[in-house]
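Novice: Let me begin by handing over the structure; questions about it come next.
Nothing in this text is a laboratory measurement; each read-out follows from the coordinates by a stated rule. The model shown is predicted, which means the values in this text are computed figures rather than measured ones. Backbone-built Cβ (ideal geometry, glycine too); neighbour counts: all protein chains shown.
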Amino acid sequence: MNMTEEERELAALVRDFAEQVVAPRSYEADRTKTLPLDVVAGMGELGLFGLPFPEEYGGQGGDYFALCLAIEAIARVDQSLAITLEAGVGLGAMPVYRFGTEEQKRELLPSLLRGEALAGFGLTEPEAGSDAGATRTMARREGEEWVIDGAKQFITNSGTPLTRFVTVTAVTGEHDGRKEISTLIVPTDAPGFQVGPAYDKVGWHASDTHPLTFDGVRVPVANLLGEQGRGYANFLNILDEGRIAIAALSTGAAEGCLEEALAYATSRRVFGEPLASRQHVQFTLARMRQRVHNARLGWQHAARLRDSGLPFKAEAAIAKLTASDAAMDNARDATQILGGNGFMNEYASARHFRDSKVLEIGEGTTEVQLLVIARALGVA
């Protein structure tokens, strides 16, 4: 797909940053399960967290396509840092920009867009995620405050030293027999707000993910984000955009696996010949290249639709489905080509093998994407 000269320059800039700054730290960050805050700061200095936001709030005046270019470039070498950027923008800053009051935007966005602060989005609960009706976190109004009680799980960017607030979905009433879901901005220093121990995850080890509890947390009425009762509907809109970004992340992971497998296959000699001389290896590499190509076309098409103000819901689902499959399949094939080395965590392919599975789960499972596509076809 055609890109402007400015877009090509951005992609090259972030790719260079990823190779020189992110990649050398990736293995150690994964091994120690530590988010390298200095690298996050470097991403902020490049303006990556502000890419799709207007300059009046401290953004770069770009679009969603530009953000996804950056996410793809970083994900080639480190999915944890890529998801930190994706969630920091899509789940942290974007809800404030899309649904916040002018006062909320001017207060909260500048530090988020500079990468000096992070924010999380608390939707998922032990018994609720896609099923909004199962939400148990409650918020009741007492005078000029909301009082919040409940719990959330699997919340990205929720427990870092940079985390300033978490936007939380909560039941604020009932309408026509159905729960009314609203979103509230909860500062991390609010009494009663507790961040649980970090999860022991299969992958994304350097990404910050925690469970959260709310025990009588009080926030001002002004902390309501968007219209009361529109919290879940607004989140679904954010989720559609997020699927494009996850598709870009998946594309980067798929390409990183291809590049490492190709380099290994051409340098590794077996019985006196390069491993790449074997036709089955050649065909495997060709399939991997095909997946990267199709995945990139998918997210770029969906991003162009989104930035043009055109419907993109089904295209975002197709992009995420195609790209997450590509990431998982390429990680498996790269690990097989590298053999025993592919099972060692210092190789990027091994980390991609562990990291990529969640791409088929987060921001809508594979099954949810299939359902969205089927609905667009009018058969579900």
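Novice: I want to make sure I understand the PRE zone here: with the label point 7 angstrom from the Cα of GLU103 toward its beta carbon, which residues in region 132-147 have backbone N atoms less than 15 Å away?
Specialist: Backbone N within reach: 144-146.
Novice: Please list, by residue number, every one of the GluC sites (Glu not before Pro) in region 279-380 that is coil in DSSP and has at most 14 other beta-carbon atoms within 10 Å.
Specialist: GLU346
Novice: Between rounded, prolate and oblate, where does region 295-380 land on the alpha carbon gyration tensor, with a ≥ b ≥ c its root eigenvalues, rounded for a/c under 1.5, else prolate if a/b exceeds b/c?
Specialist: Prolate, since a/c reaches 1.5 and a/b exceeds b/c.
Novice: For each pair in LYS152/LYS201; LYS201/LYS357; LYS33/LYS201; LYS152/LYS320; LYS179/LYS357; LYS152/LYS179, compute the distance between the two Cα atoms and list the pairs where it is over 21 Å.
Specialist: Table pairs above 21 Å Cα-Cα are LYS152/LYS320; LYS179/LYS357.
Novice: By how many nm would the segment from GLU127 to MET344 lengthen if fully extended, with 0.36 nm per residue of separation less the alpha-carbon distance?
Specialist: Full extension from GLU127 to MET344 adds 74.6 nm.
Novice: With every atom except the alpha carbons ignored, what do you get for Rg and Dmax of the chain, in angstroms?
Specialist: In Å, with Rg to one decimal and Dmax whole: 20.9, 79.
Novice: Nearest 10 degrees is fine. How inclined is helix 231-267 to the longest principal axis of the chain, computing both from alpha carbons?
Specialist: Roughly 20 degrees, rounded to the nearest 10.
Novice: Distance between the C-alpha centers of region 221-284 and region 1-34? Whole Å please.
Specialist: For region 221-284 versus region 1-34, the Cα centre distance is 13 Å.
Novice: Another one. Using only the Cα atoms of region 26-161, build the gyration tensor, take square roots of its eigenvalues as a ≥ b ≥ c, and label the shape rounded, prolate or oblate: rounded if a/c is under 1.5, else prolate if a/b is larger than b/c, else oblate.
Specialist: oblate
Novice: Next question, about the same structure. Comparing MET43, MET344, MET94, which has the greatest mean-square fluctuation in the GNM of the chain with Cα pairs linked when under 10 Å apart?
Specialist: For the chain, modelled as a Gaussian network with Cα springs under 10 Å, the answer is MET344.
Novice: Separate question: How high is the FRET efficiency between THR213 and THR4 when r is their beta carbon distance and R₀ equals 45 Å, given to the nearest 0.05?
Specialist: 0.45
Novice: Have a look at GLY298, PHE235, ASN223 and report the one farthest towards the positive end of the charge dipole of the chain, computed about the Cα centre with Cβ charges (Lys/Arg +1, Asp/Glu -1).
Specialist: Result: GLY298.
Novice: Also: Run the simple label-point estimate for LEU377 and ARG287 please: 7 Å along Cα→C-beta, distance reported in nm.
Specialist: 2.3
Novice: Still on this model: With springs connecting C-alpha atoms under 10 Å apart, model the chain as a Gaussian network and identify which of GLY58, GLY90, GLY50 has the largest mean-square fluctuation.
Specialist: Greatest mean-square fluctuation among the candidates belongs to GLY58.
Novice: Between the alpha-carbon centers of region 306-374 and region 174-191, tell me the distance in whole angstrom.
Specialist: 32
Novice: May I ask for the net charge around THR172, where only other residues with Cβ less than 14 Å from the Cβ of THR172 are counted and Lys, Arg are +1 while Asp, Glu are -1?
Specialist: Around THR172, the charge tally is 0.
Novice: While we're on this one: Using a Gaussian network model on the chain with a 10 Å cutoff between Cα atoms, which of GLN228, GLN279, GLN194 fluctuates the most?
Specialist: Highest fluctuation among the options: GLN279.
Novice: Is the shape of region 119-229 best called rounded, prolate or oblate, per the rule: a/c under 1.5 gives rounded, else a/b larger than b/c gives prolate, else oblate, with a ≥ b ≥ c the square roots of the Cα gyration tensor eigenvalues?
Specialist: Judged from the Cα gyration tensor, region 119-229 comes out oblate (a/c at least 1.5, b/c at or above a/b).
Novice: How big is the gap, in Å, between the Cα center of region 37-63 and the Cα center of region 86-135?
Specialist: Here the answer is 16 Å between Cα centres.
Novice: Work out how much length GLU55 to VAL147 would gain on full extension: take 0.36 nm times their residue separation and subtract the Cα-Cα distance, in nm to one decimal.
Specialist: Working it through step by step, the gained length comes to 29.6 nm.
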